[in-house]
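Below: one structure, written as structure tokens.
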Amino acid sequence: MPLPQLLHLKDKKRFEKANQDAGPGLNLEEFIAFEHPEEVDYMMEFVIQEALEEHDKNGDGFVSLEEFLGDYRRDPTANEDPEWILVEKDRFLNDYDKDTDGRLDPQELLSWVVPNNQGIAQEEALHLIDEMDLNSDRKLSEAEILENQDLFLTSEATDYGRQLHDEYFYHDEL
């Protein structure tokens, strides 16, 4: 089946799952579920199934290390794997494969496809407040943000500075 048809079917399945009231369209909550299924509890099973369809090449209901790494083929002339492969193998073995059986079950798969970045975001927000809160009220005013705009714009919490300077972020679709 051609790629555009596959993408259409994938979106159709996502739409049907998000459309809880089976109406002709999506209300706001359903549209959020369609656009960001990982953010909505009733869509989690769909998220897992979608990830399995994409990564579980042998159809056993799990994702092996090889499936996790995707189409990576080791260079036969290289003495060792590239750094990114070593990092990804480490993440698979130490972060995701909690039961150490060499494969990701559906719950382990969820921790990969829907990472919990709450701690990282909170850490960055606290860093911004520590650095920018000039009057020590533990809040950032517009004046404090403008006074420290370079720090604010380059923060991972805002990601705004990267977007402004990334020539590939803004591009023509057609």
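The values are calculated or read from the model by the stated rules, or taken from the named source; none is laboratory data. On a predicted model such as this, the values are computed, not experimentally measured, just so you know. With ideal geometry, Cβ positions are generated from the backbone for all residues, glycine too; neighbour counts draw on all protein chains shown. Please note that ligands, DNA and RNA were not included when accessible areas were found on the heavy atoms of the full protein model with its side chains. Shrake-Rupley method; radii C 1.70, N 1.55, O 1.52, S 1.80 Å.
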With the condition kept exactly as written, say whether any residue in the stretch 70-86 is assigned to a helix (DSSP H, G or I) and within 25 Å of Met44 (Cβ to Cβ). no
Is one or more of the residues making up the stretch 9-30 under 17 Å from the mean Cα position of the chain (by Cα) and at pLDDT below 90? no
Would you mind stating whether Leu65 is open to solvent by less than 90 Å² (accessible area, probe 1.4 Å), in the same structural domain as Arg91 (by the TED database) and touching a strand residue (DSSP E or B) at 6+ places or on another chain (Cβ under 8 Å)? yes
Could you tell me which numbered condition Ser64 fails, if it satisfies all but one of (1) free of Cβ contacts under 8 Å to residues at least 24 places away in the same chain; (2) within 17 Å of Leu109 (Cβ to Cβ); (3) among the polar types (S, T, N, Q)? (1)
Taking the conditions exactly as written (surrounded by 13 or more Cβ atoms within 10 Å (Cβ to Cβ), touching a strand residue (DSSP E or B) at 6+ places or on another chain (Cβ under 9 Å) and in contact (Cβ under 8 Å) with a residue 12 or more places away in the chain), does Arg14 satisfy them or not? no
